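Enquirer: Just passing along the structure, written as structure tokens.
The values are calculated or read from the model by the stated rules, or taken from the named source; none is laboratory data. From a predicted model like this one, the values you see are computed outputs, not experimental measurements. No Cβ is skipped: glycine too gets one built from the backbone with ideal geometry, and neighbour counts run over all protein chains shown.
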Amino acid sequence: MSTPNLDHPTLPLVKQKFASRKLFATEFRGQSTLIIDQADLLEVMAFLCSDERCQYDFLSDVTCVDYLNYPGAPGTPESDNDGPKGRFGVVYNLVSYPHNRRLFVKVMLDPTLDTGGIEDDPALHIPSVCGIWPGAEWTEREVFDMYGIRFDAHPDLRRILLWEDYPAHPLRKDYPVKGRGEREEYVVVDRDSA
């Protein structure tokens, strides 16, 4: 694990427990992020939740970052880190109330299919953490809806903000800012006709 200038108390515990795994840590504005491989997600998260020295008992949020065309992003030639590469970063915001700590955990995913539509890309599958934190159900659904990341073993993975037949995932950076004509199909309802 690369830990330049990092003093987060959880990082040495993870490094000790998962000494044979590829781990990478970063810090930005006082917030530490642990970047792990997708295959290690459930095991690392279970450790962070259940180990009495960690006790990350609250999953505050699950979100995603699309690094398409982002200078210095993971996976780009100008990137200055040697951590996992990928276009999408699924980010988990963990809180330990007993220890008054916060830790971000990130998993990088790299699509293998064109991301302009809604095709099910096998490379954009990640295990669900609902078995560890049941509250992840709604936030994972939002990431699925907006970015097209599929959470395997999720109890009810379906769109949460858009209708089921919506033809894309609108927070992907390759989605047009003005949409693809969806607004033109809306029926305008005014006060008199409502």
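Enquirer: Got a sec? Which of His154, His125 is over 23 Å from Thr26 (Cβ atoms) and in contact with a strand residue (DSSP E or B) (Cβ under 8 Å, 6 or more places away or on another chain)? Walk me through it before giving the result.
Expert: Numbers: His154 fails: in contact with a strand residue (DSSP E or B) (Cβ under 8 Å, 6 or more places away or on another chain).
It is His125.
Enquirer: Turning to a different aspect of this structure: Consider the range 95-125. How many of its residues are touching a helix residue (DSSP H, G or I) at 6+ places or on another chain (Cβ under 6 Å) and part of a strand (DSSP E or B)?
Expert: 3
Enquirer: Turning to a different aspect of this structure: All but one of (1) more than 20 Å from Ser128 (Cβ to Cβ); (2) surrounded by fewer than 18 Cβ atoms within 10 Å (Cβ to Cβ); (3) at pLDDT below 95 hold for Tyr67; state the number of the condition that does not hold.
Expert: So Tyr67 meets the others, but not (2).
Enquirer: Next question, about the same structure. Going by the conditions given, is Ala25 in a strand (DSSP E or B), modelled with pLDDT under 95 and either among the aliphatic types (A, V, I, L, M) or loosely packed, with under 15 Cβ neighbours inside 10 Å (or both)? Quick ask: steps written out before the conclusion?
Expert: Values: in a strand (DSSP E or B): yes; modelled with pLDDT under 95: yes; either among the aliphatic types (A, V, I, L, M) or loosely packed, with under 15 Cβ neighbours inside 10 Å (or both): yes.
Taking the combined requirement at face value, the residue satisfies it.
Enquirer: Let me ask another. Would you confirm, using the coordinates I've provided, whether Tyr97 is surrounded by fewer than 19 Cβ atoms within 10 Å (Cβ to Cβ), more than 30 Å from Glu164 (Cβ to Cβ), at pLDDT 95 or above and aromatic (Phe, Trp, Tyr)?
Expert: Working: surrounded by fewer than 19 Cβ atoms within 10 Å (Cβ to Cβ): yes; more than 30 Å from Glu164 (Cβ to Cβ): yes; at pLDDT 95 or above: yes; aromatic (Phe, Trp, Tyr): yes.
So Tyr97 passes the test.
Conditions (1) under 30 Å from His8 (Cβ atoms); (2) surrounded by fewer than 19 Cβ atoms within 10 Å (Cβ to Cβ), marked per residue:
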position	(1), (2)
Val107	yes, no
Gly116	no, yes
Asp120	no, yes
His125	yes, yes
Pro134	yes, yes
Trp138	yes, yes
Met146	yes, no
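Enquirer: Looking at this structure, is Glu52 loosely packed, with under 14 Cβ neighbours inside 10 Å, part of a loop (DSSP other than H, G, I, E, B) and either among the basic types (Lys, Arg) or at pLDDT 95 or above (or both)? Give the derivation first.
Expert: Values: loosely packed, with under 14 Cβ neighbours inside 10 Å: yes; part of a loop (DSSP other than H, G, I, E, B): yes; either among the basic types (Lys, Arg) or at pLDDT 95 or above (or both): yes.
Yes.
Enquirer: Select from the range 31-46 the residues that are surrounded by 18 or more Cβ atoms within 10 Å (Cβ to Cβ) and of a type in the set (A, V, I, L, M, F, W, C) and write down the one among them that is nearest to Ile149 (Cα to Cα).
Expert: Taking the candidates together, the pick is Leu41.
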